[in-house]
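The structure under discussion appears below in the form of structure tokens.
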Ligand code: HEC
Ligand code: HEC
């Protein structure tokens with residue numbers, strides 16, 4: 001037998017280390033054969049579960065960001081929104097939408113989709129943000145968050161929308177409105193009504209609602225930034241009895257894991273609502289079924305258009321719901337930035353929240369909503385029933401509060417009726433006769449900013 005030389009030994013040790021690292025067996029690297037918390041060996045099926053989860057999350061991210069569900073047939077094909085964006089000089093109609101006006105209605109630009117030279121020019125202020133052709137070029141780069149253009153060479157021939165349109169922000173790292181994506185963060189700058197009202201053809205809405213195009217414009221203009229009305233095309237109720245818009249705030253799509261009912265009025269689960277939106281709001285091609293909407297008194301428009309039972313083919317939605325679901329559940333509520341609240345006051349506020357003010361009765365930490373049937377009647381909440389009455393539940397859902405700091409624009413409660421957190425607390429103080437003093441109210445505000 002040949003004796004090993006020192007070099008040979010060293011080579012095999014080094015080789016051994018390299019292959020151990022490659023195989024992921026080193027102590028510093030996570031491997032997929034053990035649960036790192038318990039150090040238990042994973043069975044082959046355990047590993048399948050992990051892989052399945054990872055794959056669904058990656059797929060879900062792609063769907064959330066980039067999938068249009070075939071909605072271009074409606075936004076481009078029917079409404080011809082792309083023509084208004086391009087403007088007559090770029091093969092569309094009218095003056096077109098410059099990047100400046102796109103940013104001013106809250107559309108966001110994904111800096112990671114921009115080539116380096118363009119980022120450089122943008123930083124130096126050398127890109128013409130008054131030219132609609134630049135907007136079209138940005139759409140072509142897939143850089144306008146939530147908007148997908150369909151192109152024939154340089155010419156935009158249709159447009160579809162994505163979940164990220166309303167439920168993503170960017171971190172403004174390059175310029176205001178231009179930065180890296182923040183999935184799940186509510187876009188409270190986005191003026192959905194203003195964007196839709198640009199469309200050259202609003203007749204489909206007018207016909208659906210049985211009104212004229214002028215009225216449709218008036219309704220769209222009434223929404224304002226950060227709001228959308230997902231029920232208008234079901235019940236036809238554009239305005240509340242007090243004359244204000246029936247639109248609701250865009251909520252975040254993060255921090256939803258563990259929460260039972262979703263939407264402001266608890267319409268259903270995340271996959272329920274995702275199918276509802278993809279098919280009946282985004283007008284994607286897919287299946288949606290909810291016999292609760294088959295109610296002529298409450299949802300006359302939905303009954304007329306058959307939105308209680310939609311079976312469009314091909315179905316581009318159903319196969320995506322699982323991945324989309326898991327992805328949204330995986331998005332955590334973001335931590336508040338350092339220095340954005342007073343730490344000592346917040347920790348005193350936590351005691352008020354869980355104690356004297358009884359907030360935690362409903363906003364049960366750490367979900368900040370009830371484990372269980374998380375709904376309350378308008379009377380319990382001390383507010384009007386307009387929006388609750390539009391939902392099959394007739395109730396308001398206890399809003400999960402984690403990450404609240406990231407969606408303070410536009411106010412609080414479903415319609416933003418309370419402009420500040422202080423106003424929310426004043427409401428509870430009055431309604432529940434809590435008798436909170438000034439200091440306790442201030443501490444509660446700091447706590448709410450910290451969760
Ligand atoms: C045009 C803007 C818009 C688009 C596009 C949109 N949403 Fe929403 N989303 C809203 C609004 C507004 C609500 C609140 C509706 C309500 O409570 O009546 C909402 C509610 C939700 C909720 C409930 C959040 C909670 O707190 O319970 C989830 C989850 C959600 N959307 C996910 C999605 C997904 C996934 C997509 C793509 C399939 C999508 N949304 C597309 C505006 C939008
Ligand atoms: C009876 C149950 C209940 C109690 C008690 C309660 N809340 Fe709420 N909370 C709700 C519901 C339901 C909503 C949603 C109301 C709506 O959408 O109109 C809500 C909404 C909120 C919101 C707005 C969230 C958003 O995204 O706009 C804040 C902030 C809040 N509550 C804080 C508190 C604080 C602080 C207390 C204690 C002083 C408290 N809540 C006590 C049920 C409750």
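The values are calculated or read from the model by the stated rules, or taken from the named source; none is laboratory data. All values reported here derive from a predicted model rather than from experimental measurement. Glycine gets a Cβ as well: all are built from the backbone with ideal geometry, and neighbour counts include every protein chain shown.
Could you grab me the full set of residues in the range 242-275 that are closer than 23 Å to residue 214 by Cβ and within 16 Å of ligand 2 (Cβ to nearest atom)? Walk me through it before giving the result.
Step one: filter the range 242-275 for residues closer than 23 Å to residue 214 by Cβ, giving 242-247.
Residues satisfying the conditions are 242, 244, 245, 246, 247.
For residue 241, state whether it is more than 9 Å from ligand 1 (Cβ to nearest atom), surrounded by fewer than 20 Cβ atoms within 10 Å (Cβ to Cβ) and more than 27 Å from residue 316 (Cβ to Cβ).
Values: more than 9 Å from ligand 1 (Cβ to nearest atom): yes; surrounded by fewer than 20 Cβ atoms within 10 Å (Cβ to Cβ): yes; more than 27 Å from residue 316 (Cβ to Cβ): yes.
So residue 241 fits the description; yes.
Within the option set 214, 160, being more than 25 Å from residue 293 (Cα to Cα), in the same structural domain as residue 116 (by TED's automatic domain parsing) and away from ligand 2 (no atom under 16 Å from the Cβ) holds for one residue only, 160. Here the helices (runs of 4 or more DSSP H) wholly within the range 375-442 that include at least 3 residues being in contact with a helix residue (DSSP H, G or I) (Cβ under 8 Å, 6 or more places away or on another chain) are 421-431.
In the range 209-224, is there at least one residue being within 12 Å of ligand 1 (Cβ to nearest atom) and assigned to a helix (DSSP H, G or I)? Yes, some residue in the range 209-224 is within 12 Å of ligand 1 (Cβ to nearest atom) and assigned to a helix (DSSP H, G or I). Kindly check whether there is at least one residue in the range 359-373 that is under 30 Å from residue 295 (Cα atoms), surrounded by 14 or more Cβ atoms within 10 Å (Cβ to Cβ), in contact (Cβ under 8 Å) with a residue 60 or more places away in the chain and more than 10 Å from ligand 2 (Cβ to nearest atom). No. Is it the case that residue 200 is at pLDDT 95 or above, surrounded by fewer than 15 Cβ atoms within 10 Å (Cβ to Cβ) and more than 30 Å from residue 404 (Cα to Cα)? The answer is yes for residue 200. Scanning the range 264-280 for residues that are near ligand 1 (Cβ under 7 Å from one of its atoms) and touching a strand residue (DSSP E or B) at 6+ places or on another chain (Cβ under 7 Å) yields 264, 265, 270, 273. Looking only at the range 426-451, residues that are crowded, with 16+ Cβ neighbours inside 10 Å and in contact with a strand residue (DSSP E or B) (Cβ under 9 Å, 6 or more places away or on another chain) come to 1 in all. Within the range 409-446, the set of residues being more than 8 Å from ligand 2 (Cβ to nearest atom) and either in contact (Cβ under 8 Å) with a residue 60 or more places away in the chain or closer than 18 Å to residue 259 by Cβ (or both) comprises 409, 410, 440, 442, 443, 445, 446.
Of the numbered criteria (1) crowded, with 20+ Cβ neighbours inside 10 Å; (2) touching a residue at least 60 places away in the same chain (Cβ under 8 Å), the one residue 280 fails is (2).
Residue 255 - would you say it is over 14 Å from the mean Cα position of the chain (by Cα), surrounded by 18 or more Cβ atoms within 10 Å (Cβ to Cβ) and assigned to a loop (DSSP other than H, G, I, E, B)? Before you say what the answer is, go through the steps one by one.
Numbers: over 14 Å from the mean Cα position of the chain (by Cα): no; surrounded by 18 or more Cβ atoms within 10 Å (Cβ to Cβ): yes; assigned to a loop (DSSP other than H, G, I, E, B): yes.
Spelling it out, it is not the case that residue 255 is over 14 Å from the mean Cα position of the chain (by Cα), surrounded by 18 or more Cβ atoms within 10 Å (Cβ to Cβ) and assigned to a loop (DSSP other than H, G, I, E, B).
Give 96, 60 a once-over and let me know the one that is crowded, with 19+ Cβ neighbours inside 10 Å and within 13 Å of ligand 1 (Cβ to nearest atom). First the steps, then the outcome.
Working: 96 fails: within 13 Å of ligand 1 (Cβ to nearest atom).
None of the others qualify; the one that does is 60.
Out of curiosity, is residue 335 more than 16 Å from ligand 2 (Cβ to nearest atom), modelled with pLDDT of 95 or more and loosely packed, with under 14 Cβ neighbours inside 10 Å? Walk me through how you get there before you give the answer.
On the way: more than 16 Å from ligand 2 (Cβ to nearest atom): yes; modelled with pLDDT of 95 or more: yes; loosely packed, with under 14 Cβ neighbours inside 10 Å: yes.
Answer is yes for this residue.
Against the test of being surrounded by 20 or more Cβ atoms within 10 Å (Cβ to Cβ), under 21 Å from residue 188 (Cα atoms) and either in contact with a strand residue (DSSP E or B) (Cβ under 8 Å, 6 or more places away or on another chain) or in the same structural domain as residue 153 (by TED's automatic domain parsing) (or both), the options 86, 102 yield a single qualifying residue, 102.
Filtering the range 119-144 down to residues that are touching a strand residue (DSSP E or B) at 6+ places or on another chain (Cβ under 8 Å) and surrounded by fewer than 19 Cβ atoms within 10 Å (Cβ to Cβ), which residue is nearest to residue 90 (Cα to Cα)? For the range 119-144, the residue satisfying everything is 140.
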